[in-house]
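*Asks:* Just passing along the structure, written as structure tokens.
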Amino acid sequence: MVVGDPGDMQESLPIKEPLLIVGIGGAGSRLAVDASKATGCKCVLISNDRKDLVNENHILVNSGQWLNPSTYKLRAFASAKEGNIRAALEGFNTIIVISNLAGKAGAAMAPVVCKIAKEHAAVIAVSTMPFGFEKDRIFASGVALKRIQESSHAVVVMDNDSFLENNPELTKEECFSITNKAIIEVLLSIHSSGIGPETSLLCTSKQSGESEDSLRDSMAILHRQIADTGAIKRAMVYVMGGERLPLRQLDSIVNYAQGIFKEEGTTEVAMTSMTSSNGIRTHLIASATQKTRFDSYDPLAVIPKENYLDWDDQESTPDIQLAMPILE
Ligand SMILES: Nc1nc2c(ncn2[C@@H]2O[C@H](COP(=O)(O)OP(=O)(O)OP(=O)(O)O)[C@@H](O)[C@H]2O)c(=O)[nH]1
Ligand SMILES: [Mg+2]
């Protein structure tokens with residue numbers, strides 16, 4: 001086990017300016033606007049719903065006469081806007097793509113945007129996964145996440161379901177408020193210190209973070225997402241508002257994290273302390289090199305990739321007008 005600064009960690013993805021934040025769909029757009037305010041970076045919003053596009057820098061994916069287009073249909077509409085998306089991303093060296101894969105817009109468009117972004121930039125995707133009760137969204141979110149992993153240099157996953165399982169007494173709104181705050185704070189830290197080039201599971205707690213209980217909560221959430229936490233290569237503990245803690249207390253937080261991971265394997269543990277104006281909280285980010293629960297969201301994942309017929313060209317249902325003569 002190694003304890004140290006995030007800068008000491010190997011293989012951190014280089015973050016180069018200029019940096020663009022892309023928000024997709026309702027939740028993605030809200031988060032992107034907040035992240036843009038927090039980091040001072042530019043943002044662009046992409047959605048098929050005008051209500052999501054609260055920023056003047058946006059791309060409306062017009063879904064024509066469709067009131068309730070499917071994920072596949074939306075993906076076809078997004079692909080039709082490829083030129084506009086490419087133009088909006090041009091000139092940026094790092095692109096952060098935020099979306100909620102429980103949303104149709106998120107699942108449909110985030111893979112398309114990441115793929116275009118990866119043509120020229122370092123891509124960091126921030127993806128929220130569905131609650132367990134959003135059963136109709138599970139499959140699409142699993143496939144979308146796989147595509148995003150392939151088209152990004154680093155992925156940060158926030159699992160709404162594990163968080164709710166661990167905090168069943170919270171309302172949906174309370175849950176969003178806590179997890180959204182964690183996403184923004186971790187993005188702020190990534191903006192200044194970078195992130196490892198793999199899938200990172202972001203776990204947070206509803207408790208205020210100076211206590212060990214908060215870290216224990218985050219560990220419980222991590223356990224729900226990956227069966228063998230011993231296989232986790234590295235973990236980062238973010239202490240927000242750490243500047244107001246005595247050093248002894250920061251030390252005890254690190255020791256506690258060390259203690260948990262020591263029993264499980266050879267995890268590299270680092271801690272970063274960020275200034276924060278509202279309270280003290282901890283977040284845990286763990287890099288997952290092993291299978292996570294999201295691999296089972298797509299039951300067809302057992303089929304080898306080379307046998308897929310529709311992987312390179314993402315599934316979509318374009319509107320093709322057929323000249324059907326009226327037969328009489
Ligand atoms: N973590 C988090 N999740 C949210 C938030 N708002 C909504 N969600 C979840 O995200 C899912 C999709 O919401 P949206 O992002 O609005 O969906 P969309 O991408 O616009 O796509 P549509 O389904 O077409 O509206 C919802 O089912 C919720 O589970 C939020 O503020 N934070
Ligand atoms: Mg929406």
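The values are calculated or read from the model by the stated rules, or taken from the named source; none is laboratory data. The structure presented is a predicted model; accordingly, all values stated were derived computationally and were not measured. Cβ: placed from backbone, ideal geometry, glycine included. Neighbour counts: every protein chain shown. When the accessible area is computed, the model is the full protein with side chains, heavy atoms only, and any ligands, DNA or RNA have been set aside. Shrake-Rupley method; radii C 1.70, N 1.55, O 1.52, S 1.80 Å.
*Asks:* Could you check the simple spin-label distance between Asp228 and Glu11, using points 7 Å along Cα→Cβ, in nm with one decimal?
*Replies:* Calculated label separation equals 1.7 nm.
*Asks:* In the structure shown, do any of Lys104/Lys135; Lys37/Lys181; Lys42/Lys118; Lys42/Lys73 have a Cα-Cα gap over 20 Å, and if so which?
*Replies:* Exceeds cut-off: Lys42/Lys73.
*Asks:* On full extension of the chain, what length is gained from Ser211 through Ser277, given 0.36 nm per residue of separation minus the C-alpha to C-alpha distance?
*Replies:* 22.0 nm
*Asks:* If R₀ is 30 angstrom, what is the calculated FRET efficiency for the pair Arg244 and Leu170, using the beta carbon separation as r and rounding to 0.05?
*Replies:* About 0.70, to the nearest 0.05.
*Asks:* Follow-up. Find how much the distance from Lys51 to Ala220 grows on full extension, using 0.36 nm per residue of separation minus their present alpha carbon separation; answer in nm with one decimal.
*Replies:* 57.2 nm
*Asks:* Something else: Rank Leu201, Leu250, Leu19 by mean-square fluctuation in a GNM of the chain with C-alpha springs under 10 angstrom and give only the top-ranked residue.
*Replies:* Leu250
*Asks:* Something else now. Taking 41 Å as R0, compute the FRET efficiency from the Cβ-Cβ separation of Lys37 and Glu150 and round it to 0.05.
*Replies:* The value I calculate is 0.85.
*Asks:* Here's a follow-up. Can you work out the PRE-style zone for Asp310? Point 7 Å along Cα to Cβ, and I want the residues of the range 72-111 with backbone N under 20 Å.
*Replies:* 72-82, 101-111
*Asks:* Rule-of-thumb check for the range 3-302: C-alpha Rg over 2.2 N^0.38 Å?
*Replies:* Here the Cα radius of gyration is 0.96 times the empirical estimate.
*Asks:* To the nearest 10 square angstrom, what accessible area does Ile221 show with a 1.4 Å probe?
*Replies:* Result for Ile221: roughly 0 Å² accessible.
*Asks:* For Glu82 and Asp319 in one chain, what is 0.36 nm times their gap in residues minus the Cα-Cα distance, to one decimal in nm?
*Replies:* 83.7 nm
*Asks:* Let me check something: with ligands and nucleic acids excluded, how do Lys73, Lys16, Lys115 order by accessible area (1.4 Å probe), largest to smallest?
*Replies:* Most to least solvent-accessible, the answer reads Lys16, Lys115, Lys73.
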